[in-house]
Amino acid sequence: MEEDKKTILIVDDSVYLINKLKAIFERNGFKAIGITNGIEAIRQYPLLHPVLVTMDIVMPDMSGLEVIEELKKIDPEVKVVVISSIGMKEKIMAAVRLGAKNFILKPFSGQKVMEIVNQILGAKS
């Protein structure tokens, strides 16, 4: 049944990127849910219980950094992977300081995404 699939929450204001990540995750046996803004991500997180959250840094309503801070308040054990472009080095490092487990630079390959996801989910925290 569908319910036993592990959920990954994709937070990005780009529907194209959400669809690209969804395809990668679903091909690898995960259920993937895309949310296009930080406020909705914070609202949905406790309802969805995702095993992992991918987070864009630059979004219109709230930055990914702000969303990470809020998710940490809801669940100190939240596993976040930041997905951003190479020009965002300072913000990526700030996200890691806030507790992001890793980051993926755009453009990315499905193989690289799954390598990082499996590393995080396979690791005992």
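The values are calculated or read from the model by the stated rules, or taken from the named source; none is laboratory data. What you see is a predicted model, and the numbers here were worked out from it, not measured in a lab. Methodologically, a virtual Cβ is constructed for each residue, glycine included, from the backbone with ideal geometry; neighbour enumeration extends over all protein chains shown.
Here are the numbers for the structure shown:
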{"quantity": "Residue match in the stretch 77-98 (condition: within 19 Å of L121 (Cα to Cα), under 14 Å from the mean Cα position of the chain (by Cα) and of a type in the set (D, E))", "calculated": "yes"}
{"quantity": "Qualifying positions in the stretch 76-105 - modelled with pLDDT under 90 and in a strand (DSSP E or B)", "calculated": "S84, S85"}
{"quantity": "Residue match in the stretch 10-28 (condition: crowded, with 16+ Cβ neighbours inside 10 Å, part of a strand (DSSP E or B) and within 13 Å of the chain's Cα centre (by Cα))", "calculated": "yes"}
{"quantity": "Number of positions in the stretch 61-109 that are without any contact (Cβ under 8 Å) to a residue 24 or more places away in the chain, surrounded by fewer than 20 Cβ atoms within 10 Å (Cβ to Cβ) and touching a helix residue (DSSP H, G or I) at 6+ places or on another chain (Cβ under 7 Å)", "calculated": "2"}
{"quantity": "Leading residue by the ranking (nearest to F108 (Cα to Cα)) among those in the stretch 1-60 that are of a type in the set (A, V, I, L, M) and at pLDDT below 95", "calculated": "I57"}
{"quantity": "Residues being touching a helix residue (DSSP H, G or I) at 6+ places or on another chain (Cβ under 9 Å) and either touching a residue at least 12 places away in the same chain (Cβ under 8 Å) or small (G, A, S) (or both) - total across the stretch 15-36", "calculated": "13"}
{"quantity": "Criterion violated by L47 - all others in (1) closer than 21 Å to A95 by Cβ; (2) part of a helix (DSSP H, G or I); (3) of a type outside the set (G, A, S); (4) over 13 Å from the mean Cα position of the chain (by Cα) satisfied", "calculated": "(1)"}
{"quantity": "So K112, is it at pLDDT 95 or above, of a type in the set (D, E, K, R), under 16 Å from F25 (Cβ atoms) and surrounded by fewer than 15 Cβ atoms within 10 Å (Cβ to Cβ)", "calculated": "yes"}
{"quantity": "Single unsatisfied condition, V117 versus (1) in contact (Cβ under 8 Å) with a residue 60 or more places away in the chain; (2) within 16 Å of P50 (Cα to Cα); (3) more than 11 Å from the chain's Cα centre (by Cα)", "calculated": "(3)"}
